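Asker: Here it is, the structure in full.
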Amino acid sequence: MHGQSEGLQGRRLKEAVKYVSRTWFPVNAAVLRQVQTKLADGVYTDQKQALIDDLKTDFALLAFCLRKLETVIAEEKNSANPIDTLRQLEIDQLKSILSPADNEISSHRFDDMRDVQALRLRHSLISCGTAEIIARNTNADPDFAYSCALLRQLGFMLVAWNYPGSFQKALAAVLATGNDIESELAKIVGFEPALLGYEVTLHWNTSPELKTALGWKVAPKSGAIKQPTPSFPEALAASEEKRKADTVARYCELGETFARVNNQQHYPQAVQQWKQVEKELRDLLGENAISTVSEHVRALCKNFVSVSNDIFGAEISPDASVRKANNAFVAKLLEDNAYVKRCPPPIQKEFREVYERIIKGEVSTEGVNLLVSRLIPNAGFVRGCIFLMDTSKAQLIPRVRIGDSKDRQYKPVSCSASGERSNPISEAFHCATPLKQERAFLHNDVVSHVSGKFGNSDKGGVLYLEMSDRLLLQENHVAVMYFKAIRQCLDHCLNLV
């Protein structure tokens, strides 16, 4: 069955390569006409870099030019950097490559671009632009970095334009499952988009250096590209080429994460990677790293703003995207805490203030402090303690004192399954519902308390709260309701859900 599955994937991939090679994806007609006019007027004769800069503003047009290199040069004349090869062409050769009309390059119409295709184009421009600007500021080859980033994005662009319905379904699946776009697309179309990109470029005279940077492995005899692999040819294992390739590959990864963070609507999981990526960008580009990258990417997107201002004119601001994503995450957490809705409006307001301190994927120390210092006392609990489970000792260890508890001598409590259950803290740990006791003798005093287990199977403990006389006078269920709301909020602050 496994062999049959691989055979089916191979057939689907082969069919897709034939299909997308014929239909391709459209260039921006306005950019193409502008470039053709400048070529005819001789503007690029002594300004080849100006041509390259213009081509970079249209991902599809630059990709088309790289595709057509093989038609005007011999393989042995190919440079390690395909953009550099393009720059070295004679004007007549450039005119030959760029002579087709836009409808001869692709059967798709640029003016018919759907949102899913526009989003992918923006994603590709951000990815390529970020890799390029990092390379430019770190003494690496920016054109080489742009080329690598473009080839990494090529398969995705081809799928987005030629299988837009499948791409839309994959984005929905990413949002629902948190899986990566590659695996979700492979489930739907039957092949990985990266493989499609690699197969399509088999005859592009791609240099060994570029293949190495992309992680492609070259067969020793035929020179054909095998299935992509993260390993590098053994001959280059300890070489300078490998070091450069690793560096450029990482720049591409940073660009791809930067692009995903700027589309948190479809890639909410990317927000969790942002802090590490932001640190790397600042290490590479300095304190103004984010604005440096954003300004460069905005320049690449400018030719598409008239097509879709909502997408290409959208602010390129990871911090804003992170804040927006976190606000949505926090709003859902608060919504999920159904007990908060049953609390009086002043208490609900205090819960909202605690939740505003929560950051997805992190322990919110600030949230816990606000919960302990203000919300819990205002809810009518005069003192208490957060006991954390120490699995190595099978004990609940008092860690955080709450309220006026300086005179309380909280001690570790055994919570082993075979241990004594006479202690209410231990009993609460093994109880499915909160334990409420009035006028019980505990901690060398007569107390009324609500206690209950919090956390999950890997981490947690017991929340112990003593009720005030005012709270005791309220209806019997009120204290437990407040407790449940507080306990769930504590789980959210400690990232235990």
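Asker: Exactly one condition in (1) part of a helix (DSSP H, G or I); (2) at pLDDT below 95; (3) among the aromatic types (Phe, Trp, Tyr) is not met by residue 482; state its number.
Answerer: So residue 482 meets the others, but not (2).
Asker: Then there's this: Just give me the residues in the stretch 163-185 being part of a helix (DSSP H, G or I) and polar (S, T, N, Q), in sequence order.
Answerer: If the condition is that a residue be part of a helix (DSSP H, G or I) and polar (S, T, N, Q), then 166, 168, 177, 183 are the ones that fit.
Asker: May I pose another question? I'd like the residue in the stretch 317-335 that is hydrophobic (A, V, I, L, M, F, W, C) and under 15 Å from residue 489 (Cβ atoms) and, out of all such residues, is modelled with the lowest pLDDT.
Answerer: This residue is 329.
Asker: Further question: May I ask you to say which residue of 124, 107 is surrounded by fewer than 23 Cβ atoms within 10 Å (Cβ to Cβ), within 17 Å of residue 28 (Cβ to Cβ) and of a type in the set (S, T, N, Q)?
Answerer: 107
Asker: Can you tell me which residue in the stretch 29-57 is nearest to residue 95 (Cα to Cα), limited to those that are modelled with pLDDT under 95 and polar (S, T, N, Q)?
Answerer: 45
Asker: Residue by residue through the stretch 428-447, note down the ones that are free of Cβ contacts under 8 Å to residues at least 24 places away in the same chain and surrounded by 17 or more Cβ atoms within 10 Å (Cβ to Cβ).
Answerer: Across the stretch 428-447, the qualifying residues are 435, 442, 447.
Asker: Only one of these is assigned by TED's automatic domain parsing to the domain that holds residue 454 and either in contact with a strand residue (DSSP E or B) (Cβ under 8 Å, 6 or more places away or on another chain) or more than 16 Å from residue 486 (Cα to Cα) (or both): 371, 388, 375. Name it.
Answerer: So the residue among 371, 388, 375 that is assigned by TED's automatic domain parsing to the domain that holds residue 454 and either in contact with a strand residue (DSSP E or B) (Cβ under 8 Å, 6 or more places away or on another chain) or more than 16 Å from residue 486 (Cα to Cα) (or both) is 388.
Asker: A follow-up question, please. What about residue 391, is it closer than 16 Å to residue 339 by Cβ, surrounded by fewer than 14 Cβ atoms within 10 Å (Cβ to Cβ) and among the hydroxyl-bearing types (Ser, Thr, Tyr)?
Answerer: It is false that residue 391 is closer than 16 Å to residue 339 by Cβ, surrounded by fewer than 14 Cβ atoms within 10 Å (Cβ to Cβ) and among the hydroxyl-bearing types (Ser, Thr, Tyr).
Asker: Right, here's the next one. Evaluate the stretch 346-354: report whether one residue or more is part of a strand (DSSP E or B), surrounded by 20 or more Cβ atoms within 10 Å (Cβ to Cβ) and in the same structural domain as residue 429 (by TED's automatic domain parsing).
Answerer: Checking the stretch 346-354: not a single residue is part of a strand (DSSP E or B), surrounded by 20 or more Cβ atoms within 10 Å (Cβ to Cβ) and in the same structural domain as residue 429 (by TED's automatic domain parsing).
Asker: Please verify whether residue 373 is assigned to a loop (DSSP other than H, G, I, E, B) and either within 21 Å of residue 488 (Cβ to Cβ) or touching a Ser or Thr at 6+ places or on another chain (Cβ under 8 Å) (or both), treating the condition exactly as stated.
Answerer: Considered against the rule, which asks whether it is assigned to a loop (DSSP other than H, G, I, E, B) and either within 21 Å of residue 488 (Cβ to Cβ) or touching a Ser or Thr at 6+ places or on another chain (Cβ under 8 Å) (or both), residue 373 comes out as no.
Asker: Give all pairs with beta carbons closer than 8 Å in which a residue from the stretch 157-169 that is assigned by TED's automatic domain parsing to the domain that holds residue 119 meets a residue that is hydroxyl-bearing (Ser, Thr, Tyr) and assigned to a helix (DSSP H, G or I); count only pairs at least 6 apart in sequence or on separate chains.
Answerer: Close Cβ pairs (under 8 Å, with a partner that is hydroxyl-bearing (Ser, Thr, Tyr) and assigned to a helix (DSSP H, G or I)) amount to 157/124; 159/166; 161/23; 162/19; 162/23.
For every residue, the table says whether it meets (1) outside any loop (DSSP other than H, G, I, E, B); (2) closer than 27 Å to residue 68 by Cα; (3) modelled with pLDDT under 80; (4) in contact with a Cys (Cβ under 8 Å, 6 or more places away or on another chain).
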position: 187; (1), (2), (3), (4): yes, no, no, no
position: 195; (1), (2), (3), (4): yes, yes, no, no
position: 199; (1), (2), (3), (4): yes, yes, no, no
position: 203; (1), (2), (3), (4): no, yes, yes, no
position: 212; (1), (2), (3), (4): yes, yes, yes, no
position: 216; (1), (2), (3), (4): no, yes, yes, no
position: 223; (1), (2), (3), (4): no, yes, yes, no
position: 238; (1), (2), (3), (4): no, no, yes, no
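Asker: Does the stretch 449-463 include one or more residues that are of a type in the set (Phe, Trp, Tyr), touching a residue at least 24 places away in the same chain (Cβ under 8 Å) and assigned to a loop (DSSP other than H, G, I, E, B)?
Answerer: no
Asker: Please go through the stretch 465-497 and give me each residue that is under 16 Å from residue 371 (Cα atoms) and among the β-branched types (Val, Ile, Thr), ordered by number.
Answerer: 486
Asker: Criterion first (in the same structural domain as residue 479 (by TED's automatic domain parsing), farther than 23 Å from residue 375 by Cβ and of a type in the set (Lys, Arg)) does residue 439 satisfy it?
Answerer: The answer is yes for residue 439.
Asker: Another question about this same structure. List pairs: first in the stretch 172-197 and farther than 20 Å from residue 16 by Cβ, second part of a loop (DSSP other than H, G, I, E, B) and of a type in the set (Phe, Trp, Tyr), Cβ under 9 Å, 6+ apart or cross-chain?
Answerer: 174/267; 175/267
The values are calculated or read from the model by the stated rules, or taken from the named source; none is laboratory data. Nothing here was measured: the structure is a model prediction, and the numbers come from that model. Using ideal geometry, Cβ is built from the backbone for each residue, glycine included, and neighbour counts are taken over all protein chains shown.
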